[in-house]
Amino acid sequence: MNALSYLKYPSWTLWHFLITPRLALRNTRIILAAFWRTTIVGRRAIRVLRLHSQDCTARWMPQRWSVSRRGRYIWRVAQQQWARWIIKRAGLAVRTVGYERVDWAQPHIIVVNHQSTIDALMIIALIPNGRLVAKKEILRYPFIGPAARFGGQIIVDRQDHASGQNMKAIRQGMAEWSRCNLIFFPEGTRTLTGQVGDFRLGAFAIAQELGLPIVPVAISGAFEALPKGSLLRLRQNPAIRVEIGEEIAIDGPRRRDVKRLGYKVRRTIINMMEGR
């Protein structure tokens, strides 16, 4: 749910203002500030991306950027000028553990559990040289959608399990920009209970195919801060923990079975969430 929920769910919005007026007013200010920031940063970044895209028709022929250069540009902008700004403005206290465990100069498959709308902000703010595998619904969002499309992010249809188009899109994307940290939320959607859901196997099949190590990332506290539903429910000063696990290598000719690999990574994330 986004800022448009004010129009789409007026009764829900009114309910929050009646029950918790101070919290609802505070969060409304945060939402409006985030929307303003998205507009300012997004418009400028999209203008740059379009100017350097392969489809640009400007007469003075600006330099055409590769997919990898566009991806690095939009990630740097989103990280430094957008995600970190919103996290600070929203008062999110994010504690990071294990960043030093990973050699960030190398490409990886990043696998993250999905607790809340704010997960993506924290991952963008934290992971260097990142690239999202995002559901196609993101294209409907103003500024974020065009930034993802022109900025080299990989868009998939989470309802399409049979045609193989999602895997084809990921393979093509990695062929165009291979030295990135490709980020998956393998549950496919946010949890409704706070528990880690079943993992879809695309991330692990790609890791096997490309021989890239997997980095498990466990987010805890985000569900309590903002469960699935209205953004007006964001708690004040929530404590959120993001732990980055040890790299899981994809070894040699006898690579791990995809299902077993998915189970291992899921179990690792759950153990990190439980402090084991």
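The values are calculated or read from the model by the stated rules, or taken from the named source; none is laboratory data. Computed from a predicted model, the values in this text were never measured in an experiment. Ideal geometry is used to build each Cβ from the backbone, glycine not excepted, and the neighbour counts take in all protein chains shown.
Residue-wise test of (1) touching a helix residue (DSSP H, G or I) at 6+ places or on another chain (Cβ under 9 Å); (2) modelled with pLDDT under 90.
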position	(1), (2)
Pro142	yes, no
Ile154	yes, no
Arg158	yes, yes
Gln165	no, yes
Cys180	yes, no
Val215	yes, no
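Would you call Thr117 among the β-branched types (Val, Ile, Thr) and part of a loop (DSSP other than H, G, I, E, B)?
It is true that Thr117 is among the β-branched types (Val, Ile, Thr) and part of a loop (DSSP other than H, G, I, E, B).
Using beta carbons and a limit of 9 Å, which pairs, at least six apart or on different chains, have the first residue in region 150-170 and free of Cβ contacts under 8 Å to residues at least 40 places away in the same chain and the second one loosely packed, with under 11 Cβ neighbours inside 10 Å?
Final answer for the pair search is Asp157/Ser163.
Using the structure shown, decide if Pro227 is part of a loop (DSSP other than H, G, I, E, B), crowded, with 19+ Cβ neighbours inside 10 Å and at pLDDT below 90.
Taking the combined requirement at face value, the residue satisfies it.
What number of residues within region 1-52 satisfy the criterion of being of a type in the set (Gly, Ala, Ser), modelled with pLDDT under 95 and in a helix (DSSP H, G or I)?
Residues flagged as of a type in the set (Gly, Ala, Ser), modelled with pLDDT under 95 and in a helix (DSSP H, G or I) within region 1-52 amount to 3.
Only one residue in Arg89, Arg131 is within 18 Å of Ile31 (Cα to Cα) and either without any contact (Cβ under 8 Å) to a residue 12 or more places away in the chain or not hydrophobic (A, V, I, L, M, F, W, C) (or both). Which one?
Arg89
Only one of these is of a type in the set (Gly, Ala, Ser) and over 30 Å from Thr13 (Cα atoms): Gly275, Gly229, Gly221, Gly194. Name it.
Every option except Gly275 fails the conditions.
Does region 66-87 contain at least one residue that is in a loop (DSSP other than H, G, I, E, B) and modelled with pLDDT under 95?
Yes, because at least one residue in region 66-87 is in a loop (DSSP other than H, G, I, E, B) and modelled with pLDDT under 95.
Yes or no: Arg171 among the charged types (D, E, K, R), under 24 Å from Leu51 (Cβ atoms) and either surrounded by 19 or more Cβ atoms within 10 Å (Cβ to Cβ) or in contact with a helix residue (DSSP H, G or I) (Cβ under 8 Å, 6 or more places away or on another chain) (or both)?
no
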